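Data block below; observations after.
The values are calculated or read from the model by the stated rules, or taken from the named source; none is laboratory data. In this text, all values refer to a predicted model and were calculated from it rather than measured experimentally. All Cβ positions, glycine included, derive from the backbone under ideal geometry; neighbour counts span all protein chains shown. Note: accessible area is taken over every heavy atom of the protein model, side chains too, but ligands, DNA and RNA are not part of it. Shrake-Rupley method; radii C 1.70, N 1.55, O 1.52, S 1.80 Å.
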Amino acid sequence: MKIRILAIGLYLTLAYWASQHIPGMEMIFYPSLGSFSVILFKREENKKYLPRTIIAATVATVIGSLLHWLIGGIIAFFLTVLLTLFLMQRFNWTDAPVLAVALIPYFSKPLAVWKLPLAVFMSLVGLGFLLWFIHQLERRKGDSSLSKTIDYGKYNGKI
């Protein structure tokens, strides 16, 4: 088993465990974190995508959280989808899970408006740091575990 696969599996498991057992960490695990893991896992060699992905996911989550908190209901949901897709097209954010994280407040109902954006930001920064660390180890060993995989998570920017 490659070290990157094991590390991501452990990271996701730890995030899930923390969300279940540590008070205040309920939002640190979300299903799209697995999707982001695969996308960043594939693109790890190209470091410019990591900050862009973190910013896109955090902004989308702020939009979804604020609209859910301020307006709520189906209108807020529709506006969240439209605004997020507009920003994805405008800034060429190609990671499909960006829209998914924007919609999390509509089914998770966080108690505080700031919790989900902070959790998404922290979890993706942690994932980025983990992938950077694994990349350093692989460079020393000459191992490139999934460098030849296909990126199925890419959004082409067209609606």
Efficiency of FRET between Arg52 and Lys141 - r from beta-carbon atoms, R0 30 angstrom, step 0.05: 0.60
Highest to lowest packing among 24-31, 96-103, scored as the average C-beta count within 10 Å: 96-103, 24-31
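Number of Lys pairs in the range 1-148 with C-alpha atoms less than 15 angstrom apart, excluding same-chain neighbours closer than eight positions?
Working: Lys2/Lys42; Lys2/Lys141; Lys2/Lys148; Lys42/Lys148.
Lysine pair count for the range 1-148: 4.
With every protein chain left in place, what is the accessible area per residue of the range 1-83 in square angstrom, probe 1.4 Å? Could you put the intermediate results ahead of the total?
On the way: 4610 Å² over 83 residues.
Value for the range 1-83: 56 Å² per residue.
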Accessible surface of the range 71-132 [probe 1.4 Å, protein heavy atoms]: carbon and sulfur percent: 79 percent
Nonlocal amide H pairs with Asp95, under 5 Å, H built at 1.01 Å: Tyr155
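So which chymotrypsin sites (Phe, Trp or Tyr not before Pro) in the range 65-129 pass both tests, a DSSP loop state and at most 15 other Cβ atoms within 10 Å of the Cβ?
Details: sites: Trp69, Phe77, Phe78, Phe86, Phe91, Trp93, Tyr106, Phe107, Trp114, Phe121, Phe129; in loops: Phe91, Trp93, Trp114.
When the chymotrypsin sites (Phe, Trp or Tyr not before Pro) of the range 65-129 are filtered for loop state and at most 15 Cβ neighbours within 10 Å, Phe91, Trp114 remain.
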